[in-house]
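Computed from the coordinates by the stated procedures, all read-outs in this text should not be read as laboratory data. What you see is a predicted model; the values in this text were computed from it and never measured. So basically every Cβ, Gly included, is an ideal-geometry build from the backbone, and we count neighbours across all protein chains shown.
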Amino acid sequence: MRPGELHERHRAALPAWLSLYYERPIELVRGEGFRVWDSEGNEYLDFFGGIVTTISGHAVPEIVEAVKEQAERILHSSTLYLIESQVRLAEKLISLSPISGEQKVFFVGSGSEANEAALLFATQYRGSSEVIALRGSYHGGSFGTMGITGQSSWRPTPRTALDVSYAMPPHRSYSPLYGRFGDPEELARACAEDVRSLIETSTTGRVAAFIAEPIQGVGGFIELPPAYLSRVKEILEEHGVLFVSDEVQTAFGRTGSHFWGIERSGVEPDLITMAKGLGNGLAIGAVMGRAEVIDSLSPKLHISTFGGNPVSTAGALANLEYILENDLQRNAEEVGSYLKERLLGLAAEHASVGEVRGRGLMLAVELVREGAPDPQAAAAFMEACRERGVLVGKGGLKGNAIRISPPLTVTREAAEEAARVFDEALSSVEAGERVV
């Protein structure tokens, strides 16, 4: 089917608010490693990975075979029955966890559900409905997670099931304190003290949880400095508040330097949420953390129809083993460091680049015009990249941050190929060219 015809049918049958990239949307029909093909036969470097999800790459034989073998036996049973792959996956995750002590894992179908579950556990455990989230955060598309998302463009309703206060991360996009401190660590500590102020002035003092992404994903790949997170953790411990690390985008070696994004800060969270890269595209998410918190759910009997189903857990286990056996974290560090250096070089050559940020293979290029966010430039840049065979994403409060997150199997040669395209695309944008 031609893309134009499929687009018309999409608009007729699906919600008008369902976003599509590009002026002429494309259908991806095949993938192999870090390359994909659309329905018209055009080949692309996949440098967004299905929204930071395809972590091991497309059509990985080991993962495909695990899914196929399980699908041939049984597709579904529910948590009312024992599922071996579910138990094995939970055990594997706990063995890799940065959290100490007895732990448990609860499986769900997505990152939104994982964050919903984590908040449920935290509020039950603490006997409180109060939560602290961050400005610029994004925690999901469900009603509850939209209520703790710190971006108005992702909150269609002001209603929320929780009592939420928003702290300021130490970044110029979200903190009015930016620019008042010469030392970035001083800014980080000052913003951390804002969390103390929130607890003492804007809550009852008995907050259930603080939830944060170590690197804000939809917020534009903005990293929370270790000095900020470590000080926040100290303040939370003073008040008995749980720390939830939203690792939906940062887990499994994506950041290169560590397996979990939170590890760089040296902070030990109470709960970790995950999805996306866990299944490499399969619908699966999970909450992992202190057993006493997860076991606090009341009433004591509960089920999940689809959480941890046999196919998803079999595929996720194969994916996790593939990441570890092939040391994809190391590749993310090496190729990501090289690509970031190339991006920093482009920033020195192109006035439209306001900032390059991120770690590993979770990188962002913020586009500006005379120092102000330029979302039109970001849209034009994406079109120019697509025309030249590279797919990237975007984010940020103003929609002007280009998000780059290829599979962790990507090679240095592919990164160089993409960097050349980025250079051409920036020149095209700055020249005012328009791709049609």
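State the extension gain, in nm to one decimal, for the chain segment bounded by GLU268 and THR201, taking 0.36 nm per residue of separation less the distance between their alpha-carbons. The GLU268-THR201 span can extend by a further 21.5 nm. Shape annotation for the stretch 63-325: C-alpha extents along the principal axes are 61, 40, 38 Å, from largest to smallest. Between ARG159 and GLU32, the modelled label-to-label distance comes to 5.0 nm, taking each label 7 Å out from Cα in the direction of the beta carbon.
A simple spin-label model places pseudo-atoms 7 Å from Cα toward Cβ; at ILE94 and GLU193 they are separated by 4.2 nm. Within the stretch 25-67, list the residues whose amide N lies under 15 Å from a label point set 7 Å along Cα→Cβ of GLU413. Residues passing the 15 Å test: 33-35, 45. Antiparallel beta bridges, as assigned by DSSP with both residues in the stretch 63-325, represent about 45 percent of the total such bridges. Rounded to the nearest 20 debye, the dipole magnitude of the stretch 63-325 is 540 debye, with +1 charges on Lys and Arg beta carbons, -1 on Asp and Glu beta carbons, and the Cα centre as origin. Loop-located trypsin sites (Lys or Arg not before Pro) across the stretch 276-382 with a Cβ neighbour count of 15 or fewer within 10 Å are LYS300, with loop assigned by DSSP. What's the FRET efficiency of GLU62 with ALA372 using the Cβ-Cβ distance as r and R₀ = 41 Å, to the nearest 0.05? Step by step, r from the Cβ atoms, then E = 0.30. The lysines whose alpha-carbon is closer than 22 Å to the alpha-carbon of LYS104, local same-chain residues fewer than 8 away aside, are LYS92, LYS233, LYS276, LYS300.
Shape index of the stretch 186-274: Rg/Rh, with Rg the Cα radius of gyration and Rh the Kirkwood radius from the inverse mean 1/r over Cα pairs, equals 0.97. Which residues does the label zone of SER257 cover in the stretch 186-207, counting backbone N under 18 Å from a point 7 Å along Cα→Cβ? Once the point is set 7 Å along Cα→Cβ of SER257, 186-189 turn out to lie under 18 Å by backbone N, inside the stretch 186-207.
Note on ASP46, ASP194, ASP183, ASP295: ascending count of other Cβ atoms within 10 Å places them as ASP183, ASP295, ASP194, ASP46, the fewest first.
A Förster radius of 22 Å, combined with the Cβ-Cβ distance separating ALA431 from ASN42, puts the computed FRET efficiency at roughly 0.40.
Hey, rough spin-label estimate for GLU72 and GLU325, points 7 angstrom out along Cα→Cβ, what's it come to in nanometres? A separation of 1.8 nm, rounded to one decimal place.
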